[in-house]
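The values are calculated or read from the model by the stated rules, or taken from the named source; none is laboratory data. For clarity, every value in this text was computed on a predicted model and none was experimentally measured. Cβ coordinates were reconstructed from backbone atoms using ideal geometry, including for glycine residues, and neighbour counts include every protein chain displayed. What goes into the accessible areas is simple: the full protein's heavy atoms, side chains included, and nothing from ligands, DNA or RNA. Shrake-Rupley method; radii C 1.70, N 1.55, O 1.52, S 1.80 Å.
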Amino acid sequence: MSKRAEIARRLQEQSCQWFKGRVCHPEPDAIQAMIERLRCVLLPNYFWPSQGHSLEAYMDLLHRGMAGQIHRAVFQKCLDQDGTSETRAFAEDKADQVLAALPQVQEMLYEDVVETYNSDPAATGYDEVILTYPGLFALLVYRVANVMHRLEIPLLPRMMTEYAHSVTGIDIHPGATLGRGIMIDHGTGIVIGETAVVGNHVKLYQGVTIGALYFPRDEEGFMVRKTKRHPTVEDGVVIYANATVLGGETVIGHHSVIGSNAWITESVPPYSKVLYQTESVVKVGASPAR
Ligand SMILES: CC(=O)SCCNC(=O)CCNC(=O)[C@H](O)C(C)(C)COP(=O)(O)OP(=O)(O)OC[C@H]1O[C@@H](n2cnc3c(N)ncnc32)[C@H](O)[C@@H]1OP(=O)(O)O
C-alpha cells in the first residue's frame with residue numbers, strides 16, 4: 001500500500017471509530033438551494049425562480065427538496081433510495097407544515113423590513129433593505145429555521161442558520177426566540193444564543209453578543225444542556241455596537257438603551273441607559289473555573 005493510501009485508510013479508520021458510520025446527513029448544497037428558493041417565494045417581487053419556473057412550480061420544487069433534507073435529518077437516509085412509505089410521508093408532512101407557516105414568516109419579514117427602514121437614516125427605501133441588508137437575509141433564514149426547530153426537526157435548522165452565518169457574519173441560533181419588527185443594522189459579528197428571548201421592535205448593531213455567561217457541568221463533568229443560559233431582551237430595546245449581554249437570568253428591561261461596548265451580566269430595569277464602564281475592574285487571583 002502506498003504512503004498516501006495508508007494515510008487515507010488511517011483517516012477513515014479513525015473517523016469510523018470516533019463518529020457514526022456513513023449516514024445520509026442533510027447536504028450543504030441542497031440547503032443553499034432550498035434557502036434560495038425560500039427567498040424567492042417569500043420575496044417574490046425581488047427574487048425570481050431560476051430557469052423560468054413559475055412560483056407554483058418553485059413551491060413544488062421547494063417542498064420536494066425540503067422533504068428530502070428533512071428525511072435525511074430525521075432518518076439519516078436518502079429519500080429517493082432508502083425511504084419507506086412511512087418515513088417519506090413523515091418528511092413530506094413536516095415540509096407541508098413548514099410551507100404552511102410561510103405566510104406568517106412573510107408577515108414577520110415585512111415587519112422587519114419596515115422597522116429597519118424606519119430606524120436607519122441610511123436606508124433609502126424598502127428595496128434597499130431587502131436587496132442589501134445582511135440582517136434581513138439572516139432573519140429570513142432564522143425565521144424559517146425556527147419554524148423547523150419548533151417542529152423538532154433536528155440538525156437541518158442549525159445547518160441553515162450556519163449557512164446564513166457564513167454569508168452574513170450573523171449567528172442566530174434557530175432555537176432563539178425573536179419577536180416581531182427586529183432591526184439588525186450592519187450585523188457582522190452578532191451572536192444570539194439558543195435560549196435567548198428577544199422581544200418586539202428590538203434593534204441590534206454589529207458585534208452584539210446575547211450569550212451565556214458560563215457553561216455549567218453536572219456532577220459527572222458533562223455539560224448541562226437545554227437550561228436557559230442566554231438573556232431576555234424586552235420590547236423596544238436598542239443594543240449598540242459590540243455590546244455584550246450575558247446570562248440566562250439577565251433581563252434587559254423594555255425600552256432600555258445599551259451603549260456600545262457595554263458589558264452586562266445583571267438585569268437592568270425598563271428605560272435604563274447603560275454606558276460603557278470606563279473604570280475597568282481587573283480581578284487578579286484564583287477563581288474556580290467555570
Ligand atoms: C454606521 C453606524 O453608525 S452603526 C452605529 C454605530 N454606533 C453605535 O453603535 C454607538 C451608539 N451610541 C452609543 O452607544 C451611546 O453610548 C449612547 C447613544 C447609548 C449614549 O450616548 P450619549 O447620549 O452621548 O450618552 P450621554 O450623553 O449620557 O453620555 C455621557 C458621557 O458618556 C460618554 N459615552 C456615552 N456612551 C459611551 C460609550 N458607549 N462608550 C464610551 N463613552 C460613552 C459620552 O461621550 C459622554 O461623555 P462626556 O460626558 O465626557 O461628554
Legend entry - Inter-part distance where the stretch 1-22 and the stretch 68-100 are each reduced to a Cα centre, Å: 31
Legend entry - Modelled FRET efficiency - R0 22 Å, W263 with S166, Cβ distances, 0.05 increments: 0.20
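Can you figure out the FRET efficiency of L11 with C78, using R₀ = 25 Å and their beta-carbon distance, to the nearest 0.05?
Numbers: r = 24 Å, r/R0 = 0.96.
Working from the Cβ atoms, E equals 0.55.
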Legend entry - Inter-centroid distance (Cα atoms) of the stretch 227-274 relative to the stretch 102-169, Å: 22
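Using the beta-carbon distance between K20 and R150 and R0 = 25 Å, what value does 1/(1 + (r/R0)^6) give for FRET efficiency, to the nearest 0.05?
Working: r = 26 Å, r/R0 = 1.04.
Working from the Cβ atoms, E equals 0.45.
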Legend entry - Angstrom value of the Kirkwood radius, inverse mean 1/r, which spans all Cα pairs in the chain: 21.0
Legend entry - Computed lengthening from L55 to V224, 0.36 nm per intervening residue step minus Cα-Cα distance: 56.4 nm
Legend entry - In sequence order, calculated HN-Hα J values of the stretch 185-201 (Karplus, 6.51, -1.76, 1.60; Hz; x Gly/Pro): 9, 6, x, 3, x, 6, 10, 10, x, 3, 9, 5, 10, 10, x, 8, 6
Inset, instruction - Give the accessible surface of the stretch 19-170 per residue, rounded to a whole number of Å², with probe radius 1.4 Å and ligands, DNA and RNA excluded. - result: 50
Inset, instruction - Go through 137-144, 110-117, 202-209 and give me the packing order, highest mean Cβ count within 10 Å leading. - result: 137-144, 202-209, 110-117
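Over the stretch 135-182, what percent of the accessible surface lies on carbon and sulfur atoms, probe 1.4 Å?
Numbers: 780 of 1480 Å².
Carbon with sulfur: 53 percent of the solvent-accessible area.
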Legend entry - Dimensions in Å of the stretch 83-123 - Rg and Dmax from alpha carbons: 17.4, 54
